[in-house]
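To start, the structure itself, in structure tokens.
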Amino acid sequence: MRERKAARLLVISPSRDVLLFKFLHKDGALAGKNYWATPGGGLEDGETFHAAAIRELREETGIQVNTVVGPVADRRFSMLLPSGETVFAVEQYFVVHVDSQIISSSEWTLHETQVMADHHWWSALELRSTGETVWPEALVEMLVDAAVFTPGA
């Protein structure tokens, strides 16, 4: 099984909400699946996780920074890609605090424009009470461990 390395971002607003994108898959191996997930994506050849996090942040949100904090967490698991390939995902998570909740989709790929249907800045309360599918599944705990959310709040 091929290994797919990815950098994921915990983008935090001044009010301590976290940015998630709504993914709606209409075709391919994930047809009918929908969920909320953090911004981020695969590493390019020779790229570090840190550099990929900065690049992915710019490409998926339009937010440009020189540094991100982390990694604050990592995950390793088998994952089905829209193409139908199953890969061993190795993800590292980075925190970036932003001054504005304005994002841009101007650098989205064709695939991103087809599957990324919406975005929302989620509060800790919203994440703890939602019935929606959110990835990673331990996002609240990850944000507590990164000192973004407070335990139980």
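The values are calculated or read from the model by the stated rules, or taken from the named source; none is laboratory data. Because the structure is a prediction, the values reported are computed rather than measured. When we count neighbours, we look across all protein chains shown, and the Cβ atoms used for this are built from the backbone with ideal geometry, even at glycine.
Worth a mention:
- Hits in the range 1-22 (condition: assigned to a strand (DSSP E or B) and either of a type in the set (Ser, Thr, Tyr) or surrounded by fewer than 20 Cβ atoms within 10 Å (Cβ to Cβ) (or both)): 3, 4, 5, 22
- Counting residues in the range 66-75 that are over 18 Å from residue 115 (Cβ atoms), surrounded by fewer than 20 Cβ atoms within 10 Å (Cβ to Cβ) and of a type in the set (D, E, K, R) gives one or more.
- When 57, 80 are screened for being touching a strand residue (DSSP E or B) at 6+ places or on another chain (Cβ under 6 Å), surrounded by 13 or more Cβ atoms within 10 Å (Cβ to Cβ) and closer than 24 Å to residue 99 by Cβ, only 57 passes.
- Number of positions in the range 104-114 that are at pLDDT 95 or above and out of contact with any Asp or Glu (no Cβ under 8 Å at 6 or more places or on another chain): 2
- Evaluation of residue 64 against (1) in contact with a Ser or Thr (Cβ under 9 Å, 6 or more places away or on another chain); (2) modelled with pLDDT of 95 or more; (3) among the polar types (S, T, N, Q); (4) more than 13 Å from residue 20 (Cα to Cα) (one fails), failing number: (1)
- Residues that are surrounded by fewer than 14 Cβ atoms within 10 Å (Cβ to Cβ) and over 13 Å from residue 5 (Cα atoms) do occur in the range 30-53.
- Residue within the range 111-128 that is within 13 Å of residue 39 (Cα to Cα), exposed (fewer than 12 other Cβ atoms within 10 Å of the Cβ), within 15 Å of the chain's Cα centre (by Cα) and not hydroxyl-bearing (Ser, Thr, Tyr) present: yes
Every residue, every condition in (1) touching a Phe, Trp or Tyr at 6+ places or on another chain (Cβ under 6 Å); (2) farther than 20 Å from residue 135 by Cβ; (3) part of a strand (DSSP E or B); (4) not acidic (Asp, Glu), yes or no:
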{"site": "44", "(1), (2), (3), (4)": "no, yes, no, no"}
{"site": "52", "(1), (2), (3), (4)": "no, no, no, yes"}
{"site": "58", "(1), (2), (3), (4)": "no, yes, no, yes"}
{"site": "63", "(1), (2), (3), (4)": "no, yes, no, yes"}
{"site": "73", "(1), (2), (3), (4)": "yes, no, yes, yes"}
{"site": "77", "(1), (2), (3), (4)": "no, no, yes, yes"}
{"site": "111", "(1), (2), (3), (4)": "no, no, no, yes"}
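- The C-beta contact set for the range 131-153 (first residue without any contact (Cβ under 8 Å) to a residue 60 or more places away in the chain and surrounded by fewer than 18 Cβ atoms within 10 Å (Cβ to Cβ), second residue assigned to a loop (DSSP other than H, G, I, E, B) and not β-branched (Val, Ile, Thr), distance under 7 angstrom, 6+ apart or interchain) comprises 144/151.
- Of all the numbered requirements in (1) surrounded by fewer than 16 Cβ atoms within 10 Å (Cβ to Cβ); (2) over 24 Å from residue 63 (Cβ atoms), residue 25 misses one, and that requirement is (1).
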